[in-house]
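What follows is a short report on a single structure.
Just so it is clear, none of the values below were taken in a lab; they were calculated from the coordinates. None of these values were measured; they are calculated from a predicted model. Using ideal geometry, Cβ is built from the backbone for each residue, glycine included, and neighbour counts are taken over all protein chains shown.
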Amino acid sequence: MVVSSPRHVASLAELTPDEVGRVAETWQARAAEAAGQGFPYIQAIVNEGREAGASLSHSHSQLLWLEAEPPAVDAERALDRNAGTCLVCRLLEEERGHGDRVVAEEAGVVGLAAYAGRQPYELLVVPEACEAQPFESPSLAPALTLAASRLARIHTLEGAVPMNLWLHPGRHWHLELVPRITVPAGLELGAGLHVNPLAPETAAERLRAAPS
């Protein structure tokens with residue numbers, strides 16, 4: 001577990017940029033230790049709120065040392081292999097081309113409102129450079145900082161909603177931030193079809209505003 005700050009803060013959204021940077025540095029240091037002990041995959045996660053699986057009220061993250069790449073990341077790699085190209089690079093080019101779902105571009109990272117988000121304001125944060133290893137990247141701190149600032153904006157819009165954030169290494173690493181605003185019901189759980197009442201273009205427009 002990585003404690004976000006010695007101050008009692010409940011959310012990533014409350015951290016200063018310096019504190020977010022120290023979280024990123026700690027993730028990278030712990031990932032290097034895990035790799036040195038022979039663990040090939042590190043899953044970094046942030047859970048906030050009981051509904052999102054958090055067991056503590058103080059802002060924190062968790063690094064899970066795994067002996068194999070998890071199925072979700074393996075599936076992403078398989079899609080890239082089948083396509084013969086980096087699909088995240090393709091997505092980034094397309095999204096920046098029209099700009100409707102671009103939330104922010106800062107310090108070499110881009111925030112996108114997810115095209116087919118499972119929840120309102122679902123956010124994808126991607127480095128401009130096609131990098132596989134976030135735990136060796138100087139863009140990790142800016143990516144976490146962008147996610148934290150947009151989460152603060154979501155708090156302004158919707159209140160301090162529960163959320164999950166995770167990091168996926170891969171051909172092109174990225175962060176995914178999923179607020180827990182709607183409740184998955186029978187259609188989502190039984191059929192895997194997610195009903196999102198907020199258009200991603202509307203979400204992006206609202207998230208472009210600076211947190212207040």
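For the reader, a short list of remarks on this structure follows.
- The listed residue being hydrophobic (A, V, I, L, M, F, W, C) and closer than 24 Å to Ala52 by Cα, out of Ala107, Ala114: Ala114
Residue-by-condition table, conditions (1) hydrophobic (A, V, I, L, M, F, W, C); (2) touching a residue at least 24 places away in the same chain (Cβ under 8 Å); (3) in contact with a Leu (Cβ under 6 Å, 6 or more places away or on another chain):
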{"residue": "Gln119", "(1), (2), (3)": "no, yes, no"}
{"residue": "Glu122", "(1), (2), (3)": "no, yes, no"}
{"residue": "Cys130", "(1), (2), (3)": "yes, yes, no"}
{"residue": "Pro142", "(1), (2), (3)": "no, yes, no"}
{"residue": "Ala147", "(1), (2), (3)": "yes, yes, yes"}
{"residue": "Ala191", "(1), (2), (3)": "yes, no, no"}
{"residue": "Val195", "(1), (2), (3)": "yes, no, no"}
{"residue": "Leu198", "(1), (2), (3)": "yes, yes, no"}
{"residue": "Leu207", "(1), (2), (3)": "yes, yes, no"}
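- Considering segment 115-212, the qualifying helices (runs of 4 or more DSSP H), each wholly inside and each with 3 or more residues that are more than 15 Å from the chain's Cα centre (by Cα) and over 22 Å from Ser59 (Cα atoms), run over 186-191, 200-208.
- Among the residues making up segment 1-33, those that are surrounded by 15 or more Cβ atoms within 10 Å (Cβ to Cβ), assigned to a helix (DSSP H, G or I), in contact (Cβ under 8 Å) with a residue 24 or more places away in the chain and not hydroxyl-bearing (Ser, Thr, Tyr) are Leu12, Ala13, Glu14, Val20, Gly21, Val23, Ala24, Trp27, Gln28, Arg30, Ala31.
- Within segment 34-52, the residues that satisfy the criterion of being over 15 Å from the mean Cα position of the chain (by Cα) and either among the aliphatic types (A, V, I, L, M) or in a strand (DSSP E or B) (or both) are Ala34, Ala35, Tyr41.
- Just one residue in the set Ala54, Ala44 is over 20 Å from Pro134 (Cβ atoms) and of a type outside the set (S, T, N, Q); that residue is Ala54.
- Any hit, segment 92-99, residues being in contact with a helix residue (DSSP H, G or I) (Cβ under 7 Å, 6 or more places away or on another chain) and of a type outside the set (A, V, I, L, M): no
- Test: Ser55 is loosely packed, with under 12 Cβ neighbours inside 10 Å and either out of contact with any Pro (no Cβ under 9 Å at 6 or more places or on another chain) or in a helix (DSSP H, G or I) (or both): yes
- Sole exception among (1) farther than 20 Å from Ala13 by Cα; (2) surrounded by 15 or more Cβ atoms within 10 Å (Cβ to Cβ); (3) in contact with a Gly (Cβ under 8 Å, 6 or more places away or on another chain) for Ala132, by number: (2)
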